[in-house]
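Bear in mind these aren't lab numbers, they're just calculated from the coordinates by the rules spelled out. Note that the coordinates shown come from a computational prediction; the quantities given were computed from them, not determined experimentally. Here the Cβ is made from the backbone with ideal geometry for all residues, glycine too, and neighbour counts use every protein chain on show.
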Amino acid sequence: MRWALVLIALAIVTAPAGWFGAYYLLGRDTATRADLEQVSTALRDLTIDFNNLRQQVEMLERRGVGGDETITFSDAPVASDSLQDSFAQVVLIADRREVNEGMSTASPSYLTSLFGPPRTDLTQDCQTMTNPVLSGMLRTENVGPINVQMLEPAIISLRQVFKNVEIFEPELYARIRSAGSLCVRLIRGSDSSVSTHSFGLSLDLNIDGVTDTLGDDRTQLGLILLSEFFQREGWYWGAGFGREDSMHFEVSREKVEQWRRLGLLPDEAAVAAIMSGAAPAPQ
């Protein structure tokens, strides 16, 4: 059984090589429509295979397969140097408007309707969050490869995301860098629209500290690989925005609603009580 686990781990580690090949082909200017459709199909198949293999490993670990012998991913071969070097490679995002299937954005207007504005006098510059409902849940903590300032449920979720990345893509994990989390401000160039970063439920990431180019429909391969880990935890990837923003990840509307049902975020009655001063802010 040990060798079976090693083979599964090897398949998981090497699966991203297929991703890279697919995205490299997609980025070729000479590719035909048939080529693109064929590669897109192959990419989806690789994603399914990757998920299936990972689930099998998790199931075997839960069952304690192997008796007293501990099986860890350190037993598995590491990614090749060429694959590690490709994490920062900029590639075309296939079917980017479909990457968040089954999820929707928790827009600033939606979040404002739930919790009120993060502060009343927003500008283009980052400012302090003054909304007592939100600020009471705000934390600054380490979540693995980076430090963030976000709402507590988002921090807990991020730790799980990055723990999975560390297990299945340790080389990628070591190269994750933050490009910012909480920033209470208006959207750049707007005098009224609130940035999604204002609510403590969004963050920007990159590979090796290289900022992604906004709106070019391309991104670093490492961010494509990361997106699957985030999506499994209910995070919406900014590659699917009308204007591509692939370094951006935010908690989906569905996840926000789930957290409210579980009592991890205050419901309407609790928000009203806190805003009126009838109840203390979360601590």
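Rounded to the nearest 0.05, what FRET efficiency do Arg159 and Glu268 have when you use their Cβ-Cβ distance and R0 = 30 Å?
0.60
For Ala279 and Thr128, what is the calculated FRET efficiency with R₀ set at 25 Å and r taken between the beta-carbons, to the nearest 0.05?
Efficiency, rounded to the nearest 0.05: 0.70.
Along the principal axes of its C-alpha atoms, what lengths does segment 108-273 span, in descending order and rounded to whole Å?
Over segment 108-273, Cα extents along the principal axes are 47, 36, 25 Å.
What full-extension length gain, to one decimal in nm, is calculated for Ser178 and Arg139 as 0.36 nm per residue of separation minus the Cα-Cα distance?
12.4 nm
Would you kindly derive the ³J(HN,Hα) couplings of segment 107-117 from the backbone phi angles with the Karplus curve 6.51 cos²θ - 1.76 cosθ + 1.60 (θ = phi - 60°), listing them in order in whole Hz, with x for Gly and Pro?
My calculation for segment 107-117 gives 5, x, 5, 5, 5, 5, 5, 7, 10, x, x Hz in order.
Scan around Val184 for amide H atoms under 5 Å from its own, H built in the peptide plane at 1.01 Å from N, and keep only partners 5 or more places away or cross-chain.
Gln127
Among Ile156, Thr112, Tyr173, which residue has its Cα positioned farthest towards the positive end of the charge dipole of segment 94-189, with +1 placed on the Cβ of Lys and Arg, -1 on the Cβ of Asp and Glu, and the dipole taken about the Cα centre?
Most positive-ward Cα: Thr112.
Just in segment 184-283: which trypsin sites (Lys or Arg not before Pro) are loop by DSSP and have at most 15 other Cβ atoms within 10 Å?
Passing both the DSSP loop test and the Cβ count: Arg188, Arg243.
Thr112 to Asp217: extension gain in nm, 0.36 nm per residue of separation minus the Cα-Cα distance?
34.9 nm
Percent of Cα-Cα pairs per 5 Å bin, from 0 to the last occupied bin, for segment 171-231, please list those.
With 5 Å bins starting at 0, P(r) equals 4, 16, 21, 23, 20, 11, 4, 1, 0.
Fewest Cβ neighbours within 10 Å first, please rank Phe162, Phe241, Phe249 accordingly.
Phe241, Phe162, Phe249
Please arrange Trp235, Trp259 by how many other C-beta atoms lie within 10 Å of their C-beta, fewest to most.
Trp259, Trp235
Can you give the extra length, in nm with one decimal, that the chain gains between Ser192 and Asp208 once fully stretched, where that is 0.36 nm per residue apart less the Cα-Cα distance?
2.4 nm
Residue by residue through segment 197-211, what is 3J(HN,Hα) from phi via Karplus (6.51 cos²θ - 1.76 cosθ + 1.60, θ = phi - 60°)? Round to whole Hz and write x for glycine and proline.
6, 6, 9, x, 10, 9, 8, 10, 10, 8, 9, 6, x, 8, 6
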